1. With the structure loaded, tell me whether residue A:305 is in contact with a helix residue (DSSP H, G or I) (Cβ under 7 Å, 6 or more places away or on another chain) and in a loop (DSSP other than H, G, I, E, B) or whether it fails that test.
2. Name the residue, out of B:129, B:180, that is under 17 Å from residue A:96 (Cβ atoms), without any contact (Cβ under 8 Å) to a residue 24 or more places away in the chain and within 14 Å of another protein chain (Cβ to nearest Cβ).
3. So residue B:139 fits all but one of (1) within 38 Å of the chain's Cα centre (by Cα); (2) among the hydroxyl-bearing types (Ser, Thr, Tyr); (3) at the interface with chain A (Cβ under 10 Å from one of its Cβ atoms); what number is the exception?
4. Does residue A:242 meet the test of being in contact (Cβ under 8 Å) with a residue 12 or more places away in the chain and either part of a loop (DSSP other than H, G, I, E, B) or within 27 Å of the chain's Cα centre (by Cα) (or both)?
5. In segment B:187-209, is there at least one residue being crowded, with 21+ Cβ neighbours inside 10 Å, among the polar types (S, T, N, Q) and either in a helix (DSSP H, G or I) or within 12 Å of chain A (Cβ to nearest Cβ) (or both)?
6. If I filter segment B:99-109 down to residues being facing chain A (nearest Cβ under 8 Å) and in a helix (DSSP H, G or I), which single residue comes out as surrounded by the most Cβ atoms within 10 Å (Cβ to Cβ)?
7. Within segment B:314-322, identify whether any single residue is assigned to a loop (DSSP other than H, G, I, E, B), surrounded by fewer than 18 Cβ atoms within 10 Å (Cβ to Cβ) and of a type in the set (A, V, I, L, M), and answer yes or no.
Number of protein chains: 2
Amino acid sequence: MYLYSNILGTFVFNQNLEIREKIMFSQEESLKYLPLLSTGETIEPETKLLQKFKDIKDLRKDKALFEKYAEKVQMFMLGYLDQYHERNLFLTKVGIRDSIQEDALIIQAVSSLVELNRSINMTAKRLREWYSYAAPEISKSLEDHKVFAQVLLEKKPETLLKDKGIKNSMGKVLASKDMEAIYGQAKLLLDLYVVKEQKEIYLQELMHKNCPNLTAVAGYLTGAKLLDIAGSLRDMVLMPASTIQLLGAEKALFRHMINKNSKSPKHGIIIEHPLIQQVGKKDRGRVARALADKISLAVKLDFFKGEFLGDKLVAQLKEKFKGVTL
Amino acid sequence: MYLYSNILGTFVFNQNLEIREKIMFSQEESLKYLPLLSTGETIEPETKLLQKFKDIKDLRKDKALFEKYAEKVQMFMLGYLDQYHERNLFLTKVGIRDSIQEDALIIQAVSSLVELNRSINMTAKRLREWYSYAAPEISKSLEDHKVFAQVLLEKKPETLLKDKGIKNSMGKVLASKDMEAIYGQAKLLLDLYVVKEQKEIYLQELMHKNCPNLTAVAGYLTGAKLLDIAGSLRDMVLMPASTIQLLGAEKALFRHMINKNSKSPKHGIIIEHPLIQQVGKKDRGRVARALADKISLAVKLDFFKGEFLGDKLVAQLKEKFKGVTL
């Protein structure tokens, strides 16, 4: 008598490989037993022959064996192959489904935010160029894109020019249809800003909830960008701090590796961090290294659901670079 | 007695270069007389000396002359220099203002449309990737981005999957907050489509009004893109048809010029035209050349405000390539 377990159930065979008894798993049960099966903690098949059932492809390759037990094997296969295939598909789908972690959502959110910023810049640049036909003198005095769009939707170009004390503007009085098109561009810009704010809030919440330590040390936006470049929280945990330090500087790094004359980069995207922004250029490498160390620690705490030490890590960093400012 | 006219007015000098009488122009009058002055149809200064006043820089360079008449010249300059400078600035501004033609508006409109399409594609791609966490099986069956966004805003992922008869989806049931973020992206996409339609209508109107012939021959979108690449309607009028044929294929052309192994391009952006899309690859060069010829004619008609012959040009093209289809 042989005992054999797979994702479908447990089978009892006699010496002629005929099934004598069986206990079938439901989908839910096979989900429960799958980890056990794959770590080998269930009852192992007792003969090498039966073990081969686990991989039907293997059995097919071994022609001599296949022919010897052809009849019985076929019986076994015919009876369970469809079911086996179906169950396997189910388990694969569940595997894919469960591989979607919160960090995947973070990556989608931060990517969409970065792309939105690209759209905003494109839209704003076009708006300024377009509006300059009506009142070229206004654009320069309103550097903030959002304020620019708001102001020009509130007041007519003539009024804006008058307010600024500009006589003989180089601008042209455009037909109302043409002005409507420009205002449409301004409205689009403001709408994009609204969406941007929503996305920022969502990303901030996701980061605070799932990566509190990383968020405390790197900031929610830079933290999320690091995650995006790394690919996942798990990938980031496996990275040495020196790799984290250079995330986002891949181009410069490869340039350095090919051409030794070009300097090796000292920091990737973490240059956005206020701590690095505060210090002089010559100290940036040092600060970046220390920051990457703390980020590496923070990421491990977040991945293994450790306690919140983010504030302490930040305090340590601030203490270390107390004297170093621009 | 000498008579001298410039943008400020007309002056009568005696032999000692003292002003005896003058008629000053208002801003509007100088606008009216400027074209006359510059084409030389006003009364010319009667001595070579006085002519020099036209360009104060010249007078300053000619030291001997300057010193001889220093006192009088200074009197003249002191009295009118500020006014002269101001009037010149005014006229320059008016010049800039009047250089903004309708084709400049067309270029802004088509550029903003092209940029908007870029935003739409970015947003749609992100939406599909993001939504695939919830129901990866849906994206493929809805190829149109707009329809995709509409459908997923109408129905929940579970319902969509059920409608499609998909059991055991690889999708994950996401928290409502996460779904809200995805729906936000879908709404953004639909909003961008609304703006796109408005822009298209505006551009279409502009093109029909200002470039009816070009619009008839090339279509409003391709026509506007050609204008954008050329820089202005005037620039396009000055181009030979062979240049128009290759507008938008600059990269390929330069590649060909540097490396003779790479083929010379046969068409630029006019490849978008349905007539070229209809014919087989080997005939494209021929059709593109004929099309560019007609576009070149159409542009001249539009620039010089000639009659509308667009439909005739199109009929001629269609007649010529009657037999040539894929």
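1. It is false that residue A:305 is in contact with a helix residue (DSSP H, G or I) (Cβ under 7 Å, 6 or more places away or on another chain) and in a loop (DSSP other than H, G, I, E, B).
2. B:129
3. (3)
4. Spelling it out, residue A:242 is indeed in contact (Cβ under 8 Å) with a residue 12 or more places away in the chain and either part of a loop (DSSP other than H, G, I, E, B) or within 27 Å of the chain's Cα centre (by Cα) (or both).
5. No, segment B:187-209 contains no residue that is crowded, with 21+ Cβ neighbours inside 10 Å, among the polar types (S, T, N, Q) and either in a helix (DSSP H, G or I) or within 12 Å of chain A (Cβ to nearest Cβ) (or both).
6. B:109
7. no
Quick grid of which residues meet (1) of a type in the set (D, E, K, R); (2) surrounded by 12 or more Cβ atoms within 10 Å (Cβ to Cβ); (3) within 28 Å of residue B:209 (Cα to Cα):
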site	(1), (2), (3)
B:241	no, yes, yes
B:252	no, yes, no
B:267	no, yes, yes
B:284	yes, yes, no
B:295	no, yes, yes
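Computed from the coordinates by the stated procedures, all read-outs in this text should not be read as laboratory data. These numbers come from a predicted model, not from an experiment. When we count neighbours, we look across all protein chains shown, and the Cβ atoms used for this are built from the backbone with ideal geometry, even at glycine.
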